[in-house]
Amino acid sequence: MAVQKELKLEEIVKPDYKLHIKEIHYMGSWRHTYFSVSFDEPGYFTDKAVKNVFAAFRKAIRAYRHSKRDGDSDRHAGVRTSGCDWVLTVDILAHFEDWLQITAPINTLMKEAAERWQERVNEQKRFDQPANHSLQVNFALQTFGLSSDATLIDVKKQYRTLVKQHHPDAGGDAEKFKKINNANEVLMQYFS
């Protein structure tokens, strides 16, 4: 079996052709910051020159990752370079900015992607807040199988019926039982 020679970053020649980025999305995690990068290369599957640029870029990233290990083998875990949608770290994107055709500096694009992600997170938090109480009440009524004109008596009656059916001690599903209890809390607040 032949041993593959490790490439050094300085041995890789940067192609003249720059890869076109269609969009960048932030993918935060508890340990690393990643970005999902979508390339807009219609010739990816048919144009041999474009395929060669992608192959050179993959080799350069592999060499860069190898040169930056410094004993931390998990430093770039999760980097994915296949197809036209890649997952890359901040330092890889910053280092290889000159390989990419982009509409603004890479740091600006990454910042905008992180801001879009934060807006989505904040929007989700607003949805989860009691300010959206009517949505929570409607969801709770659906969980109980009741219409929007249900009364407190209807809710209490249906709660007792559902608890008997889904209580874990009676062989019911624990997750379904939790949903029923959460829905009951929302409805009791609504009717109080």
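Of the residues Ala183, Ala77, Ala174, Ala94, which single one is over 30 Å from Asn52 (Cα atoms) and either at pLDDT 85 or above or in the same structural domain as Ile24 (by TED's automatic domain parsing) (or both)?
Selected residue: Ala183, the only one of Ala183, Ala77, Ala174, Ala94 that is over 30 Å from Asn52 (Cα atoms) and either at pLDDT 85 or above or in the same structural domain as Ile24 (by TED's automatic domain parsing) (or both).
The residues in the stretch 51-69 that are out of contact with any strand residue (DSSP E or B) (no Cβ under 8 Å at 6 or more places or on another chain) and of a type in the set (A, V, I, L, M) can be counted, and the count is 4.
The values are calculated or read from the model by the stated rules, or taken from the named source; none is laboratory data. Bear in mind that the values here come from a model prediction, so they are computed numbers and not experimental data. Methodologically, a virtual Cβ is constructed for each residue, glycine included, from the backbone with ideal geometry; neighbour enumeration extends over all protein chains shown.
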